[in-house]
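S.K.: Sending over a structure as structure tokens; questions will come in a sec.
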Amino acid sequence: MTKILLVEDNEMNRDMLSRRLERRGYVVVLAFDGQSGVEAARSQLPDLVLMDMSLPVLDGWEATRRLKADVITAQMPVIALTAHAMSSDREKALEAGCDDYDTKPIDLPRLLEKIEALLLGDKRNLHD
Amino acid sequence: MARKRSVEDIQTYAQDIVDTVREPLLMLDTTLRVRSANRAFYQTFKVSSEETENRLIYELGNGQWDIPDLRTLLEDVVPKSSVFNDFELEHTFPIIGRRIMLLNARKLQAGHHGELLVLAMEDVTERRRSEADLEAIETYAQNIVDTVREPLLILDKTLRVRSGNRAFYQTFKVSLEETEERLIYELGNGQWDIPNLRTLLEDIVPKSSVFNDFELEHDFPAIGRRVMLLNARKLQAGHHGELLVLAMEDVTERRRAEEDVAKAKEAAETANKTKSLFLANMSHELRTPLNAILGYSEMLHEEAVEGQMDALGADLDRITVAGKHLLALINDILDLSKIEAGKMELFLESFDIGEMIDEIATTIRPMVDRNGNTLHIASAPNLGTMHADQIKVRQGLFNLLSNAGKFTQEGTITLDASRQVMDEREWIVFRVADTGIGLSPEQIVKLFQDFTQADASTTRKFGGTGLGLALTRRFCQMMGGDVTVHSVPGEGSVFTLKLPAVVTDGADLLAAAHLDLAHPSEGSETVEPMPTQDCVLVVDDDPVQRDLIQRFLSKAGFCVRTAAGGEAGLRMARLLQPVAITLDVMMPDFDGWSVLAALKADAKLREIPVIMLTMVDDPDRGFTLGAADFATKPVDWERLCQILRKYACPNEPCPVLLIENDGVARATTRSILEREGWKVSEADGAKVGLESMRSERPSLIVLNLSTLEMSGIEFVEHVRQHHEWQSIPIVVVAADELTPEDKERLGSSVEAILYRARNSQEALLEQVRDQVSQGTRMRRGR
């Protein structure tokens, strides 16, 4: 069972995306802000993190930096989710250590593709 | 007897003297009878001595001297004093008319003649008249000066006020009495004692005869804080000597108005930015709930399909379609506000054109079908790939196609695409043709404007924001292309979307440069994303030249970035770390040589090869390569290679002697020669060259004529005299045109003379290629 941590403060987005992912067979763990997201990643050890960028308490960029700085969570692929369709945001996300990036509104097939690609890469790395 | 004669002699002598005096003189006795007069008197008053001598002065010439003023003078003043000076008498004399006489008198004790009164009369009529004229002129001048509304002060050399005009007295609320003959600094309780003015009047004015628009801001006690614009002119004013006219224009109001305008402009710009920001934020805020609507409806749709609730599925589909439409509109607004804020970026990638068209056709077909139209795709075969922002190309084509579908009923919509070469550049040309309602010329004019549809009623009838075409055009322009339209009302429209086959970020930069021109306050600090591939930086102030260089360098496959000036060039060089820089020598802000110096002084930029470009007068020649910092001479390499091949020996590698005093040029040439399969031996001068030839006979000599200690020509002559060397071909590289004498001396002893390349884009290309490969090697070496 693939476990995905979704860090998202908007209730509707959280509910919607988590339900759609669950319908496709993923186990979804939720966090509402950056700080709790980092904690959930450490305690739940998901296979992948979907990180909203504009989060309360700790924003997505900083949360990602912390994940990548911690040996326990450093290998977890992080996909940045942001409503800002600007390349500077993309670069900012990649700089913070995100492995990929997707813009809202979520195009589910596209996001799934990215999720699978990262998970596959991850597994391949493990097998190597 | 003798004594009497001598007395007579003296009298005659005195009379002679009196007669030579040109001023009329009368000698009167104490009874005011005329003893004698001089010649000038008789001539001036046209009277004879008979009707003059021994007469009472008042009787002279029919009583013409019986003047009350004269009587007063002679009878009251003269008896009391022995002399009177400059008594002015104005009188109408019967014979000579109205005259002004200046009378001077002196009493003499003339021996036995007793007391005499010498009355001298000077006719000052003319003098008085010219003085009056002069005064009239001065009054006239003063009147003019007074009518000038600008305050004026006339100062003498010592900076004392000669006069001021009415405007001066009114403006500064001072009186004439407290102004004239005062030092300018003393005026109005020292209100003009201003350090800046002192500097101006005491340092600047003495050195120049004029100064213009000196702005003085000062708190004047009587009138408050004012900004005065001072203008001065030195005049040579006849007997007045040198005068300084100081004009003071009160520009306080004007400055205030200018400030207001600047503030208003700033406010407008801020408002515009605020608007763009608002639009961007607003669109963002709108997208968040829309995101949820779309997500949930898609989700429900999936569930409905799985649960086989088809009717529900169709409704949910409608929600999704409407939501996506709304999202598209919001995205358009966001895009446009991004373009306006100068924040739109290009994401360039290479993609297959045919594939893209197929995908667009699949997406658009249902929309086109809705009005009973047929979609026809007619693209040329083997279109291959293009390098552009795929999303924006798609968006543009999608816009054109959906418009065509919207405005056409039961007709045909055709999309064709082709690859064309125009202006030595490859273009991809897309055409969207429909058989719809068409557009009138008036509608075409408005077509590409933001928020404008061809007709206001169109909005109601067909929907849409009216942003689609405006956006499409802006996107195309960002990529260095454009959209044009040709239409006949009632018959249909053809929209042509033209894009470079290889879009470069340079186009983006050009657009940014245009934005900079439009909003200079924003500066040119548009931070571009770092290019992924190594780029050549083109620095040139001339947009045409920049575009030209950019075009053919990018056509040759280089990634090109451009900068419109020296400073921007330096900044971009630091940002981009380009593999090579082409630098225009003549630039206004700071010239190519200074930029070069700055590049070479920067440790991070020092290694980047720089190619200097310089324009020649003849525009047909395009650009000529000047001395490049690294390559020194832009040799026509291709030609050199051809020659080399001609002289290649049967058993490679063939020995070639390269004589070049410039180390960098030597290295460059060496690499070219080696690439062509030669074995190179080098010499940094002609003498060394000759020595090396003694140990190994080269099969070819490449010679730089400007080799220092021995002239290149001498070297050639040396070689030709040596019987073993006579047959070695020599290729001469000359930096400048040779003189006819030099050519003659070289004559048939050299094989070819290569001049630095002119009009050779190829040469530049070679140059850049060469420098880039060299640069890459250097980087790898590090």
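The values are calculated or read from the model by the stated rules, or taken from the named source; none is laboratory data. Worth saying up front: this structure is predicted, and the values here are computed from it rather than measured. Ideal geometry is used to build each Cβ from the backbone, glycine not excepted, and the neighbour counts take in all protein chains shown. Just the protein is used for accessible areas: all its heavy atoms, side chains included, with ligands, DNA and RNA removed. Shrake-Rupley method; radii C 1.70, N 1.55, O 1.52, S 1.80 Å.
S.K.: Exactly one condition in (1) assigned to a strand (DSSP E or B); (2) closer than 19 Å to B:Tyr185 by Cβ is not met by B:Leu235; state its number.
M.R.: So the condition that B:Leu235 fails would be (2).
S.K.: Which condition number does A:Leu81 fail, the rest of (1) within 14 Å of chain B (Cβ to nearest Cβ); (2) in a helix (DSSP H, G or I) being met?
M.R.: Just one mismatch for A:Leu81, condition (2).
S.K.: If you don't mind, another one. Just checking, which of B:Leu244, B:Leu290 is hydrophobic (A, V, I, L, M, F, W, C) and modelled with pLDDT of 85 or more?
M.R.: One residue alone meets the criteria, B:Leu244.
S.K.: Going through B:Lys498, B:Lys461 one at a time, which residue ends up being open to solvent by 20 Å² or more (accessible area, probe 1.4 Å) and at pLDDT below 70?
M.R.: Just one listed residue meets the conditions, B:Lys461.
S.K.: Just one of A:Ala40, A:Ala69 is modelled with pLDDT of 95 or more and over 20 Å from A:Lys114 (Cα atoms); which is it?
M.R.: Exactly one of A:Ala40, A:Ala69 is modelled with pLDDT of 95 or more and over 20 Å from A:Lys114 (Cα atoms), namely A:Ala40.
Results for (1) over 28 Å from B:Asn403 (Cβ atoms); (2) more than 10 Å from chain A (Cβ to nearest Cβ); (3) surrounded by 14 or more Cβ atoms within 10 Å (Cβ to Cβ), shown as yes or no for each residue.
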{"residue": "B:Asp260", "(1), (2), (3)": "yes, yes, no"}
{"residue": "B:Ala267", "(1), (2), (3)": "yes, yes, no"}
{"residue": "B:Asn272", "(1), (2), (3)": "yes, yes, no"}
{"residue": "B:Met299", "(1), (2), (3)": "yes, no, yes"}
{"residue": "B:Gln308", "(1), (2), (3)": "yes, yes, no"}
{"residue": "B:Ala314", "(1), (2), (3)": "no, yes, no"}
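S.K.: Among (1) under 13 Å from the mean Cα position of the chain (by Cα); (2) assigned to a helix (DSSP H, G or I); (3) free of Cβ contacts under 8 Å to residues at least 24 places away in the same chain, there is one condition A:Tyr101 misses while meeting the rest; what is its number?
M.R.: Of everything listed in (1) under 13 Å from the mean Cα position of the chain (by Cα); (2) assigned to a helix (DSSP H, G or I); (3) free of Cβ contacts under 8 Å to residues at least 24 places away in the same chain, A:Tyr101 misses just condition (2).
S.K.: Looking at segment B:152-201 only, could you name the residues that are farther than 15 Å from B:Leu230 by Cβ and part of a helix (DSSP H, G or I)?
M.R.: Across segment B:152-201, the qualifying residues are B:Arg166, B:Tyr169, B:Gln170, B:Glu186, B:Gly188, B:Asn189, B:Gly190.
S.K.: In addition: Residues being polar (S, T, N, Q) and surrounded by 12 or more Cβ atoms within 10 Å (Cβ to Cβ): count how many of those fall in segment B:73-118.
M.R.: Total satisfying the criteria: 2.
S.K.: Let me ask you something else. Restrict the check to segment B:282-290 and report whether at least one residue is away from chain A (no Cβ under 11 Å) and more than 25 Å from B:Thr496 (Cβ to Cβ).
M.R.: Among the residues of segment B:282-290, at least one is away from chain A (no Cβ under 11 Å) and more than 25 Å from B:Thr496 (Cβ to Cβ), which makes the answer yes.
S.K.: Output the helices (runs of 4 or more DSSP H) that fall wholly within segment B:1-109 and possess 3 or more residues being among the aromatic types (Phe, Trp, Tyr), or say none.
M.R.: Output list reads B:39-45.
S.K.: Something else: Sort out which residues of segment B:481-504 are assigned to a loop (DSSP other than H, G, I, E, B) and farther than 17 Å from B:Thr408 by Cα, and write them in order of number.
M.R.: Across segment B:481-504, the qualifying residues are B:Gly481, B:Ala501, B:Val503, B:Thr504.
S.K.: Can you tell me which of (1) of a type outside the set (Asp, Glu); (2) away from chain B (no Cβ under 14 Å); (3) not in a strand (DSSP E or B) is the one A:Val29 doesn't meet?
M.R.: (3)
S.K.: Looking at segment B:326-348, is at least one residue more than 42 Å from the chain's Cα centre (by Cα), within 14 Å of chain A (Cβ to nearest Cβ) and farther than 26 Å from B:Gly480 by Cα?
M.R.: Within segment B:326-348, one or more residues are more than 42 Å from the chain's Cα centre (by Cα), within 14 Å of chain A (Cβ to nearest Cβ) and farther than 26 Å from B:Gly480 by Cα.
S.K.: Looking only at segment B:50-61, decide whether some residue is surrounded by fewer than 17 Cβ atoms within 10 Å (Cβ to Cβ) and modelled with pLDDT under 80.
M.R.: no
S.K.: Output the residues belonging to segment B:214-228 that are surrounded by 11 or more Cβ atoms within 10 Å (Cβ to Cβ) and in a strand (DSSP E or B).
M.R.: Residues satisfying the conditions are B:Phe214, B:Glu215, B:Leu216, B:Glu217, B:His218, B:Phe220, B:Arg226, B:Val227, B:Met228.
S.K.: Regarding A:Leu45, is this residue touching a residue at least 60 places away in the same chain (Cβ under 8 Å) and touching a Lys or Arg at 6+ places or on another chain (Cβ under 8 Å)?
M.R.: Taking the combined requirement at face value, the residue does not satisfy it.
S.K.: Then there is this: Report, by residue number, each residue of segment A:51-65 that is within 19 Å of A:Ile115 (Cβ to Cβ), at pLDDT 90 or above and either open to solvent by 10 Å² or more (accessible area, probe 1.4 Å) or within 14 Å of chain B (Cβ to nearest Cβ) (or both).
M.R.: A:Asp52
S.K.: Would you please name the residue that is farthest from the chain's Cα centre (by Cα), looking only at residues in segment A:1-26 that are at the interface with chain B (Cβ under 9 Å from one of its Cβ atoms) and of a type outside the set (D, E, K, R)?
M.R.: A:Met12
S.K.: Within segment A:67-75, does at least one residue satisfy the condition of being under 14 Å from A:Cys98 (Cβ atoms), open to solvent by less than 60 Å² (accessible area, probe 1.4 Å) and touching an Asp or Glu at 6+ places or on another chain (Cβ under 6 Å)?
M.R.: No, segment A:67-75 contains no residue that is under 14 Å from A:Cys98 (Cβ atoms), open to solvent by less than 60 Å² (accessible area, probe 1.4 Å) and touching an Asp or Glu at 6+ places or on another chain (Cβ under 6 Å).
Every residue, every condition in (1) surrounded by fewer than 17 Cβ atoms within 10 Å (Cβ to Cβ); (2) touching a residue at least 40 places away in the same chain (Cβ under 8 Å); (3) within 24 Å of B:Glu249 (Cβ to Cβ); (4) not aromatic (Phe, Trp, Tyr), yes or no:
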| site | (1), (2), (3), (4) |
| --- | --- |
| B:Glu126 | yes, no, no, yes |
| B:Glu131 | yes, no, no, yes |
| B:Gln142 | yes, no, yes, yes |
| B:Asn165 | no, no, yes, yes |
| B:Tyr169 | yes, no, yes, no |
| B:Leu197 | no, no, yes, yes |
| B:Asn212 | yes, no, yes, yes |
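S.K.: I would also like to ask the following. Pairs, please: C-beta under 8 Å, at least 6 apart or cross-chain, first residue of a type outside the set (A, V, I, L, M, F, W, C) and in segment B:400-416, second part of a strand (DSSP E or B) and open to solvent by 30 Å² or more (accessible area, probe 1.4 Å)?
M.R.: Close Cβ pairs satisfying both conditions: B:Gly411/B:Thr374; B:Thr412/B:Thr374; B:Thr412/B:His376; B:Thr414/B:His376; B:Thr414/B:Ile377; B:Thr414/B:Arg431; B:Asp416/B:Ile377; B:Asp416/B:Arg431.
S.K.: OK, next. On the given criteria, is B:Ser402 within 14 Å of another protein chain (Cβ to nearest Cβ), open to solvent by less than 30 Å² (accessible area, probe 1.4 Å) and more than 15 Å from B:Cys476 (Cβ to Cβ)?
M.R.: no
S.K.: A:Ile106: open to solvent by 20 Å² or more (accessible area, probe 1.4 Å), at pLDDT 90 or above and part of a loop (DSSP other than H, G, I, E, B), yes or no?
M.R.: Taking the combined requirement at face value, the residue does not satisfy it.
S.K.: For the structure I just gave you, tell me whether A:Lys68 is more than 11 Å from every other protein chain (Cβ to nearest Cβ) and free of Cβ contacts under 8 Å to residues at least 40 places away in the same chain.
M.R.: Taking the combined requirement at face value, the residue satisfies it.
S.K.: Also, I was wondering about something else. Residues being closer than 13 Å to B:Leu415 by Cα and exposed (fewer than 13 other Cβ atoms within 10 Å of the Cβ): count how many of those fall in segment B:360-397.
M.R.: Count: 2.
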